[in-house]
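The block underneath contains the structure these notes are about, expressed in structure tokens.
The values are calculated or read from the model by the stated rules, or taken from the named source; none is laboratory data. Here the structure is a predicted model, which is why all the values come from computation and not from measurement. Reconstructed Cβ throughout: ideal geometry from the backbone, glycine too, with neighbour counts over all protein chains shown.
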Amino acid sequence: MGHPVQGTPTKQNLVKIHDYLWEVPKSFRQDMKVPARIYASARMLDGICNDRSLWQLVNLTTLPGVYKYAFVMPDVHEGYGSPVGGIVAPREDEGVISPGLCGYDINCGVRLLRTGIAYDKIKSNISDFVTALFREVPSGVGRGGWLKLSHKELDEVLCRGAQWMVEHGYGDEQDIVYCESGGMLSGADPAVVSDHAKKRGRDQLGTIGAGNHFVEIQRIDEIFDQDAAFALGFTHGDATILIHCGSRGLGHQVATDYIRLMLHAMPKYGIQLVDRELACAPFHSPEGGQYWRAMASAANFAWANRQLIMYEVRKAWISVFGESLAAPGLVYDVAHNIVKKETYDNVKLLVHRKGATRAFPPGHPEIPGDYSRTCGQPVFIPGSMGTASFVLVGVPRTMEEAFGSSCHGAGRVMSRTKAKEIVRGQVLKEELEAQGIAVRAGSLAGLAEEAPIAYKDVESVVDVVHRAGIAKKVVRLRPVGVMKG
Amino acid sequence: MTPAPYEIRGHTADVRLYASGKTREELFSHMIAGMGSIMQPALYEPRAEELAVRRELVVDGPDITVLLVDFLNEALYLSQMHREVYRFANFLALTDTHLEAELLGQEVDMFEADIKAATYHEAQVTQNKEGYFECTVIFDI
């Protein structure tokens, strides 16, 4: 873990806004253009002040054109430019777009499926289903997928995202309705995605890779909001399936290419930053425009990837349960590493979410009609393999104070190297199985890196956004099966 | 005291790699070895003549630090494209802004870790008082 560096706020520098919101005033550092805000409980602050998270947060407030404030969600942890859990929104007219802030896994995100069947009825088949998932969803580093695309087809995927997959039989029209942005950002342009990026991603559609990406089967074990749960089609005890993945090597290379490009371009625009990893360019510049189109292409690749993984999950489902049970339906798909064009206070902004989730309230035109009329946009907060995950929904207050955003996960507290030192993958697998969680992992070392002990308590993270009034808890999901690379 | 050629250090979510060298060439080569060991730990330290895979690359950058990070990212791309892990680098040329290198490595079936990229976040090539070149690079995992 990195030690705090000069220019990092301590607890003494924080001004309390309310019990779950704290502010670093603009006067804290000369280069700050706006204040920085932290959603956290008082108890969480010691941990947050212990690494470079707040230094990285303050750095976000120095970006040209930054609007109102930069902030972090309670799952914040140290990143490599932005803290993970960071949100900042430069103005579209005079602000910048930053590939380093968006991060390497462009449109990493999660999608949740409802099975419509009680876990107890399929309990005895869960182990077989996880085995089938491991067979159908290619995983591990360096393992390619089965879908082979021509150059032209890959370019079409970059333009049309999940919609391309549905048009080619890997899903149905309803899947598109329940994706953020319809599973496709407009403005994508394959011509600004490098050959390196296309080659890195070409055989990776429908693959999950490794790291913290997974497919998890869960059961709904607590309902907090009956009306919202009903609107989302959840019944207590039902099984759900969560997919976590992003844009794979294609997105990683797009970020690498454009951070490099912008590092070279920044002097031309007179931009100086504390951290080169936040490399950026004015949105209305050739470099800014190119990155926007490349980022949209990579985001579309990620939506296509999650759509194809869902197709594989449905195939695994049918191989175990036959046609007698309906294939799992999509609840929603949300991005948590992305730049979006959104308007707040009648100002057009470029909302950068790095490890944070969009969380629009009921009545918002950009969410599916049935959710808009009832509960608002669902938000999924995966915990660790051994704990719980949560479904939340957006509420109006997040539009007023958090650029329509919420948290995205439990948040790591322990390094991968430390986790591997103190946790043995085989022992963890046995412990999880003793808790009734079926586990299939390509790498036991990789499993140990993702041990529950390496993460914050997801319940306390979710409680902060719930109590701060920027999202509302709907249900809790307990894991019963996990597959990862 | 001679610093370690490379050392993997903790980072909350990613991996921090420190490397050093008596020369810039040695620093760059140790960084390659460190990145290779993150991707696929070597069962033993192979000698250069045991490494059958050779790849050449040319990189330009505005300064020595950016050059190092860009070099690692280019090697990462080659690694993933060809399913290879590199353990050494030889240099035909290495200035503050330009390098021509040959990577020496091995083919692998799979990688243990999925490195997304080498980042510029904490990277700064410096020379310590004993004259060793040093740098720390955070890899996004």
Would you tally the residues in the range A:135-162 being away from chain B (no Cβ under 14 Å) and over 25 Å from A:Val391 (Cα atoms)? 18
A:Gly442: passes all of (1) within 14 Å of chain B (Cβ to nearest Cβ); (2) touching an Asp or Glu at 6+ places or on another chain (Cβ under 9 Å); (3) not aliphatic (A, V, I, L, M) but (2)
Can you name the condition, by its number, that A:Ile453 falls short on among (1) crowded, with 19+ Cβ neighbours inside 10 Å; (2) within 14 Å of chain B (Cβ to nearest Cβ)? (1)
For the range B:81-93, give me each residue that is buried (at least 21 other Cβ atoms within 10 Å of the Cβ) and not small (Gly, Ala, Ser). B:Glu84, B:Val85, B:Tyr86, B:Arg87
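Output the residues belonging to the range A:351-407 that are at positive phi and surrounded by 19 or more Cβ atoms within 10 Å (Cβ to Cβ). Steps first, answer last, please.
Here is the first cut: in the range A:351-407, the ones at positive phi are A:355, A:363, A:376, A:403-404.
Scanning the range A:351-407 gives A:Gly355, A:Gly376, A:Phe403, A:Gly404.
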Of the residues that make up the range A:199-209, is at least one buried (at least 21 other Cβ atoms within 10 Å of the Cβ), on the phi > 0 side of the Ramachandran plot and at pLDDT below 95? yes
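Inside the range A:77-98, can you point out the residues that are within 14 Å of another protein chain (Cβ to nearest Cβ) and part of a loop (DSSP other than H, G, I, E, B)?
Let us first name the residues in the range A:77-98 that are within 14 Å of another protein chain (Cβ to nearest Cβ), namely A:77-86, A:98.
Listed by number, the residues that qualify are A:Glu78, A:Gly79, A:Tyr80, A:Gly81, A:Ser82, A:Pro83, A:Ser98.
Against the definition (touching an Asp or Glu at 6+ places or on another chain (Cβ under 7 Å) and either away from chain A (no Cβ under 14 Å) or not β-branched (Val, Ile, Thr) (or both)), how does B:Leu72 come out, yes or no?
Working: touching an Asp or Glu at 6+ places or on another chain (Cβ under 7 Å): no; either away from chain A (no Cβ under 14 Å) or not β-branched (Val, Ile, Thr) (or both): yes.
Considered against the rule, which asks whether it is touching an Asp or Glu at 6+ places or on another chain (Cβ under 7 Å) and either away from chain A (no Cβ under 14 Å) or not β-branched (Val, Ile, Thr) (or both), B:Leu72 comes out as no.
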Test for B:Leu67: is it assigned to a helix (DSSP H, G or I) and either crowded, with 23+ Cβ neighbours inside 10 Å or within 14 Å of chain A (Cβ to nearest Cβ) (or both): yes
Given A:Leu308, A:Leu350, A:Leu273, A:Leu261, which one is under 23 Å from the mean Cα position of the chain (by Cα) and either assigned to a strand (DSSP E or B) or closer than 30 Å to B:Val59 by Cβ (or both)? A:Leu350
When you check A:Gly100 against the structure, is it in contact with a helix residue (DSSP H, G or I) (Cβ under 8 Å, 6 or more places away or on another chain), buried (at least 24 other Cβ atoms within 10 Å of the Cβ) and over 22 Å from A:Ser181 (Cα atoms), yes or no? yes
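Inside the range B:7-31, can you point out the residues that are closer than 30 Å to A:Tyr455 by Cα and not in a strand (DSSP E or B)?
Taking the range B:7-31 as the starting set, the residues that turn out to be closer than 30 Å to A:Tyr455 by Cα are B:7-19, B:31.
Those that are closer than 30 Å to A:Tyr455 by Cα and not in a strand (DSSP E or B): B:Gly10, B:His11, B:Thr12, B:Ala13, B:Asp14, B:Met31.
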Restricting to the range A:12-68, name every residue that is of a type outside the set (A, V, I, L, M), within 21 Å of A:Ala89 (Cα to Cα) and not in a loop (DSSP other than H, G, I, E, B). A:Trp22, A:Glu23, A:Lys26, A:Ser27, A:Phe28, A:Arg37, A:Tyr39, A:Ser53, A:Trp55, A:Gln56, A:Asn59
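Yes/no matrix, rows are residues, columns are (1) among the basic types (Lys, Arg); (2) more than 30 Å from A:Val72 (Cα to Cα); (3) outside any helix (DSSP H, G or I); (4) within 14 Å of chain B (Cβ to nearest Cβ):
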| site | (1), (2), (3), (4) |
| --- | --- |
| A:Met414 | no, no, yes, yes |
| A:Ala419 | no, no, no, yes |
| A:Gln426 | no, yes, no, no |
| A:Glu431 | no, yes, no, no |
| A:Gly436 | no, yes, yes, no |
| A:Gly446 | no, no, no, yes |
| A:Glu459 | no, no, no, no |
| A:Val462 | no, no, no, no |
| A:Val465 | no, no, no, no |
Restricting to the range B:106-134, count the residues that are touching a helix residue (DSSP H, G or I) at 6+ places or on another chain (Cβ under 8 Å), assigned to a strand (DSSP E or B) and either farther than 19 Å from B:Val58 by Cα or away from every other protein chain (no Cβ under 14 Å) (or both). 4
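Restricting attention to the range A:28-51, which residues are of a type in the set (D, E, K, R) and within 14 Å of chain B (Cβ to nearest Cβ)?
Filtering the range A:28-51 for residues of a type in the set (D, E, K, R) gives A:29, A:31, A:33, A:37, A:43, A:46, A:51.
Result: A:Asp51, single match.
Does B:Glu100 satisfy being among the charged types (D, E, K, R), part of a strand (DSSP E or B) and more than 9 Å from chain A (Cβ to nearest Cβ)? Spell out how you get there, then give the answer.
Details: among the charged types (D, E, K, R): yes; part of a strand (DSSP E or B): yes; more than 9 Å from chain A (Cβ to nearest Cβ): yes.
Yes, satisfied.
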Kindly indicate whether any position in the range A:380-399 is within 14 Å of chain B (Cβ to nearest Cβ), at pLDDT below 90 and closer than 27 Å to B:Ser37 by Cβ. yes
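Given B:Ala4, B:Ala48, which one is out of contact with any Pro (no Cβ under 8 Å at 6 or more places or on another chain), more than 27 Å from A:Ala445 (Cα to Cα) and exposed (fewer than 14 other Cβ atoms within 10 Å of the Cβ)? Steps first, answer last, please.
On the way: B:Ala4 fails: more than 27 Å from A:Ala445 (Cα to Cα).
B:Ala48 is the lone residue from the list that is out of contact with any Pro (no Cβ under 8 Å at 6 or more places or on another chain), more than 27 Å from A:Ala445 (Cα to Cα) and exposed (fewer than 14 other Cβ atoms within 10 Å of the Cβ).
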Among the residues of the range A:23-81 satisfying the criterion of being among the aromatic types (Phe, Trp, Tyr) and within 21 Å of B:Thr12 (Cα to Cα), which is modelled with the lowest pLDDT? A:Tyr80
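Check A:Ala255, A:Ala229 and return the single one that is assigned to a helix (DSSP H, G or I), under 19 Å from the mean Cα position of the chain (by Cα) and hydrophobic (A, V, I, L, M, F, W, C).
Details: A:Ala229 fails: under 19 Å from the mean Cα position of the chain (by Cα).
Only one candidate passes the filter, namely A:Ala255.
Determine if the range A:356-365 includes at least one residue that is among the aliphatic types (A, V, I, L, M), at pLDDT 95 or above and out of contact with any strand residue (DSSP E or B) (no Cβ under 6 Å at 6 or more places or on another chain).
Within the range A:356-365, the subset among the aliphatic types (A, V, I, L, M) is A:356, A:359.
Right, trim to at pLDDT 95 or above and you get A:356, A:359.
From the residues that got through so far, the ones that are out of contact with any strand residue (DSSP E or B) (no Cβ under 6 Å at 6 or more places or on another chain) too are none.
No, that holds for no residue.
Within the range A:326-344, which residues are touching a residue at least 40 places away in the same chain (Cβ under 8 Å), in a strand (DSSP E or B) and more than 17 Å from A:Gly183 (Cβ to Cβ)?
First, pick out the residues of the range A:326-344 that are touching a residue at least 40 places away in the same chain (Cβ under 8 Å): A:326, A:328-342, A:344.
Of the ones still in play, those that are also in a strand (DSSP E or B) are A:329-335, A:337-342, A:344.
Correct list: A:Glu342, A:Tyr344.
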